[in-house]
1. Among the candidates 492, 428, 460, single out the residue that is at pLDDT below 95, under 28 Å from the mean Cα position of the chain (by Cα) and among the β-branched types (Val, Ile, Thr).
2. Can you say whether residue 343 is over 21 Å from residue 458 (Cα atoms) and touching a Lys or Arg at 6+ places or on another chain (Cβ under 7 Å), as far as the supplied structure shows?
3. Restrict the check to the range 424-431 and report whether at least one residue is crowded, with 16+ Cβ neighbours inside 10 Å and in contact with a helix residue (DSSP H, G or I) (Cβ under 9 Å, 6 or more places away or on another chain).
4. Name the single residue that is farthest from residue 590 (Cα to Cα) among those in the range 42-74 being modelled with pLDDT of 85 or more, among the hydrophobic types (A, V, I, L, M, F, W, C) and not in a helix (DSSP H, G or I).
5. Using the structure shown, decide if residue 386 is in contact (Cβ under 8 Å) with a residue 60 or more places away in the chain and of a type outside the set (Phe, Trp, Tyr).
6. Please count how many residues of the range 493-520 are in a strand (DSSP E or B) and over 30 Å from residue 417 (Cβ atoms).
7. Any residue at all in the range 608-625 that is at pLDDT 95 or above, among the aromatic types (Phe, Trp, Tyr) and under 23 Å from the mean Cα position of the chain (by Cα)?
8. Checking the conditions here, which among 626, 618, 635 is of a type in the set (A, V, I, L, M, F, W, C) and free of Cβ contacts under 8 Å to residues at least 40 places away in the same chain?
Amino acid sequence: MIRRMMMAALVAAGNHVYAGEPQDSIPLKESHLSQIEVTAPRVERSMLKVDLKMTPVNTAQDLLRKVPGLFIAQHAGGGKAEQIFLRGFDNDHGTDINISADGIPVNMVSHAHGQGYADLHFLIPETIESIDFGKGAYYPNKGDLNTSGYVSFHTFDSLPASMVKLEAGSFNTIRGTGLFNLLHKTGDRPENAYIAAEYGYTDGPFDFQQYFNRLNLFGKYNKWLNSLNYINFQASTFHSTWNASGQIPERAVAEGLISRWGSIDPTEGGNTQRTNAAFTWRHIFNNTAETESFLYYTHYEFNLFSSFTFFLKDPVNGDEIQQRDNRNLFGFQQKYTQQFGNFRWESGLGFRLDDIMDLELNHVYRRDSLLGRASWGNGTETNLFAYTGLEWHKNGWTISPGLRFDEILFNFHDKLLSSTGRDHAARVSPKLNFSYSPNAHIQWYLKTGLGFHSNDMRVVIQQQGKDIMPMSAGADLGAIWKPLPNLFIQPVIWYTYLQQEFVYVGDEAVVEASGKSRRLGVDLSVRYQPFTWLYLDADINYAYSRFIDEPKGQNYIPLAPVLTSTGGAAVKFGKGFSANMRYRYMKARPANEDNSVVAHGYFVNDLALAYTHRNLEFTLGAQNLFNVNWNEAQFETETRLQQERNPVTELCFTPGTPFALKAGIAIRF
């Protein structure tokens, strides 16, 4: 029995589920969807595994796009974290979405550029085994920033094979990836070790070359010490430099001052680096109980040069800013899980400490000259947390109450004012979820819960602790329906309320009030595999987002997505040939509070072809297959060009990728 428990925990180590929880791993053969049970816990995760199998990815951006309803936008040359949209939220770079990788937090709180900044470029896509996600704030083990949802990435514990991949494409794009098994032992005491490396370079489609370089290194080791104890250690390092494309005003292109791929300030860009280390120890007490200890460390540096307003404030030198961040993260979590009868109980506690050594906003000239400091300081931010959750299963019913407590301690030293401020805040977040499966074809569910996101420590000190952990409240009412063995349909109606808050604007070093808001919408996901060689998927998402206390017509939430859809078709032709056709659609949406400026919508298609012969794979990918002009990032901004006497408020944008080809070859051994 203990050996069976050990093997169940070994599966859990790879899939991030726990002993006593029914397994949802899928042997991905032929008719994938028919193997998924509607009654399985977190059935959405099982469907996402099929998505990953049928439509593989090879960029960090593609990893995020796998989450149904999640859209991203890049607007700084590829090296900056993506702007994220989900469920009527413009999450900026991560303010209202909790993102982690193998349990290590990706979001950076009190970041130099924006609260919750989440840069995923340290992940090597080929090492990702599974993606777990949840929309809304309904999960007791997820805390800060889990408002619109969460995304968790999990890397392989053991590689299916070693691999070397080389790719090249448009705009002097090259990429090399290597995954190497160092140790692979099976038997009574499994032991695995591997390393992975990735290097990428591109000039990009812009008139000023991006010189975008990125290097990733990753290693992982895990072993069963005996039938009751398992350890896992991993480490990674990442470095990236780039020139940014920037956001350009529409009038500059319309008047012929620059091309669509031009730049007002060619000195925008930056560099960033991140080093992670994490250790996990899992101990099995008996057939129904286990505990897990998780310890991690991150060193992070960020240096970004941007010019959003050009010559609005300084008509001589320009408005270029520098944002710097230098910090260490320390974290620990202890978790206990037990199964008894029809009940499964999970509880945990831990902390996260951000030791921020340097936090800057400077006015600079062409990266080289410091013209003035708008903000400069250091400090610590500590999140203490504890949670507990219970699942009860009987007669098709699952009832899951949960409770979470978070306290955040802020300590900020302002170097410009030579002053130190301290404050703290706490939040209790209850959750209550229900599901019911009357038969093997349908599951109804209702999810409810409170969540929150913290604010920047500079907000906390300026506001003396007022409205610094705004609460969210929400509910999902939906169903997972399997009318045919190979067809899944998931409709959801949802609602989210977000409390009044004050927000630190990292680009200007000011605090702005953001009023109460509500969002409601409908999500629809469809997965259909009519034949073993054809896989179809589509996600359609509608959101109605408004500020509550503003008058009608003045209460639009800028850049909140309204109607979005993604989907495609994956075809296995036989004899090793396959093709994937994907689409992304985003409807036009308000860019300001009165909808007088509109962010343009777009419809973009991508195509991926592959041929596999024994241990060789050849790939050919086309981005923006029909070469449409589309805007990836868009903002209403007041700007002034150097030759202009008066400023203009209009849409500024970063153009989306044009038609681009990339070919690759991979060998597995």
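The values are calculated or read from the model by the stated rules, or taken from the named source; none is laboratory data. Bear in mind the structure is a predicted one, so any value in this text is a computation, not a measurement. No Cβ is skipped: glycine too gets one built from the backbone with ideal geometry, and neighbour counts run over all protein chains shown.
1. Testing whether each residue is at pLDDT below 95, under 28 Å from the mean Cα position of the chain (by Cα) and among the β-branched types (Val, Ile, Thr) leaves just 460.
2. No.
3. Yes: one or more hits.
4. Filtering first and then ranking leaves 67.
5. Judged against the criteria, residue 386 is not a match.
6. 10
7. no
8. 626
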